[in-house]
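This report refers to the structure that appears directly beneath it.
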Amino acid sequence: MKHATRLLAAIIALIFTAGQAPRAADPVKPRIRAITGFVTIDAKSYPAQLEETVTFLSKVRDAVKAAGYDVAGVRISTQPFPEYTRGLKHDEALALLHGINDLAATLRFNGNIGPAMVNDADDIASVDLLTEVLSAPGNRLNANIVVAADDGIHWNAVRQAARIIKGVGERSAHGQGNFNFGATAMLKPYGPFYPGAWHPGGGPRSFAIGLESANVVMDVFARERDPRTAAKALTDALAVHLRVVEAAAMKTAADSGWTYAGIDPTPAPGGQNSIGAAIESFIGAPFGSPGTETAAGIITRAVKDVPVKQTGYSGLMIPVLEETVLTRRWTEGTYGLDSILAYSAVCAGGVDTVPLPGDTSEAEIARIVGDVATLAFKWNKPLAARLLPAPGKKAGEMTEFSGALANAIIQPLPGSPRK
């Protein structure tokens, strides 16, 4: 009797499934890390300007979500903050920036106040103001400084970037304020990723989109390990999603008075969505092993070939403390600062969330930033340096970061004697 019942159930199942094509697995979808608006504000009417910007960006977010994609949040980058703090007394300028910070919490956007210096001859007074802002408890604002552009390497800005990093490392809790600061080199305006996002001010209001798609790279590299074909497979996989997201963004922008600046298809990682794990799957060895440079080049070529309007880095991010595998391998010592610089020669991103000993000198920091600027200018590629000196910590000790940052063993600087 039991056998007859099973047979009948099997026959019924066959009747209902006959003629149906087998369902393909749902494609792995990226997350949208950032929808970033670029707006020119002034000291008197910035609350209304920022509120209007959030209203528009929320419409873009809703359209992208309706297209089937999760969105982390919206961001707003102003023109360089020295332009709207100029002429204000120190306390007035600080109050203005704190006001933007408070409004970011109220309106639920992630704020960026742009570069302290765009040109190498810019007034360095803004450097001290920025150091104070980034070091303050409760600061949400991001900012940057331009250390290389089409006119060459900005060596004064390199030194000022080092001064900011050293000062914020000493004055903020566990040195974590430096998570919100980047020294950018050859990065054009209107890139959506923080902390390097910036625009020169003026012109139409614009917005851009940043991807969190390390999971797509993981999916492709899990089944495609031939360096001759992997880039094409990854381009095709990313294109499926980016075309949909771009269409939703452009439709929302039509007749809105806002200009769509493009998508940065850099496959940003996050947590378990690990670009390190993806590369390890491809090369069959720990991140930092031979083959890592090849994988970095393949990812960058794939990203640049995606047929959408591109902006920002359009390359590969290697944020040491923002995803599990990269953090683990850093602690294990399978790669280091020199490795990241080598990978940056074939990708875009630079030296990102790298923990440093707390006693790293300002001069040593400047040399690291200068190396990034030199590499970026030599190859005309966008790179950035986000360095995290950990106060009171030495090489071989564990950092004490929190929030978006993981913790790792601090490695000695290249050339430093190991104890």
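Read-outs: derived from the displayed coordinates by stated rules, not from any lab. Keep in mind it's a predicted model, so treat the numbers as computed, not measured. Positions of Cβ are backbone-derived with ideal geometry, glycine not excepted, and every protein chain shown enters the neighbour counts.
Can you give the angle from 0 to 90° between the axis of helix 90-107 and the longest principal axis of the chain, with both taken from C-alpha atoms, to the nearest 10? Roughly 20 degrees, rounded to the nearest 10. Each label point was placed 7 Å from the Cα along the Cα-to-Cβ direction; for Gln272 and Lys188 their separation is 3.7 nm. Counting every other Cβ atom within 10 Å of each residue's Cβ, Met398, Met317, Met218 order from fewest to most as Met398, Met218, Met317.
Ranked for footprinting exposure by Cβ neighbours inside 10 Å, fewest first, His241, His98 give His98, His241. Using the alpha-carbon positions of the stretch 259-411, Rg (one decimal) and Dmax (whole number) come out as 15.4, 48 Å. Peptides 133-143, 49-59 ordered by packing proxy, namely the average of other Cβ atoms within 10 Å per residue, highest first: 133-143, 49-59.
Report, to the nearest 10°, how far helix 362-379 tilts away from the longest principal axis of the Cα atoms in the chain, using its own Cα long axis and a range of 0 to 90°. Taking the Cα atoms of the chain, the angle to 362-379 is about 60 degrees.
Quick one: length gained pulling Thr324 to Ala345 fully straight, 0.36 nm per residue minus the C-alpha distance? Show your work: numbers first, answer last.
Details: separation 21, 0.36 × 21 = 7.56 nm, distance 2.37 nm.
Gain on stretching Thr324 to Ala345: 5.2 nm.
Take Val245, Val240 and order them by how many other Cβ atoms sit within 10 Å, fewest up front.
Ascending number of Cβ neighbours within 10 Å: Val240, Val245.
The listed peptides 224-232, 360-368, ordered by packing as a protection proxy, come out as 360-368, 224-232 (highest mean of other Cβ atoms within 10 Å first). Quote the FRET efficiency, to the nearest 0.05, computed for Ala363 versus Asp255 with a Förster distance R0 of 41 Å and r equal to the Cβ-Cβ distance. Once the sixth-power term is evaluated, E becomes 0.15. Backbone N atoms of the stretch 94-111 closer than 16 Å to the 7 Å Cα→Cβ label point of Glu51 belong to residues 99-109. Taking every Cα-Cα distance in the chain and sorting them into 10 Å bins from zero, the calculated P(r) comes out as 5, 22, 31, 24, 10, 4, 3, 2, 0, 0 percent.
Paramagnetic label reach from Lys44 (point 7 Å along Cα→Cβ; backbone nitrogen cut-off under 19 Å): within the stretch 197-217, residues 202. If one puts a single equal scatterer on every Cα of the stretch 329-419 and applies the Debye formula without solvent, what log₁₀ I(q)/I(0) results at q = 0.15, 0.17 Å⁻¹? Debye curve over Cα of the stretch 329-419, log10 I(q)/I(0) at q = 0.15, 0.17 Å⁻¹: -0.57, -0.73.
Entry note, the chain: the mean residue ellipticity at 222 nm calculated from DSSP H runs of n ≥ 4, each adding -39500 (n - 2.57), is -13500 deg cm²/dmol after division by the residues and rounding to the nearest 500.
Measuring how big the stretch 179-301 is from its alpha-carbon positions, Rg and Dmax come out at 16.6, 51 Å.
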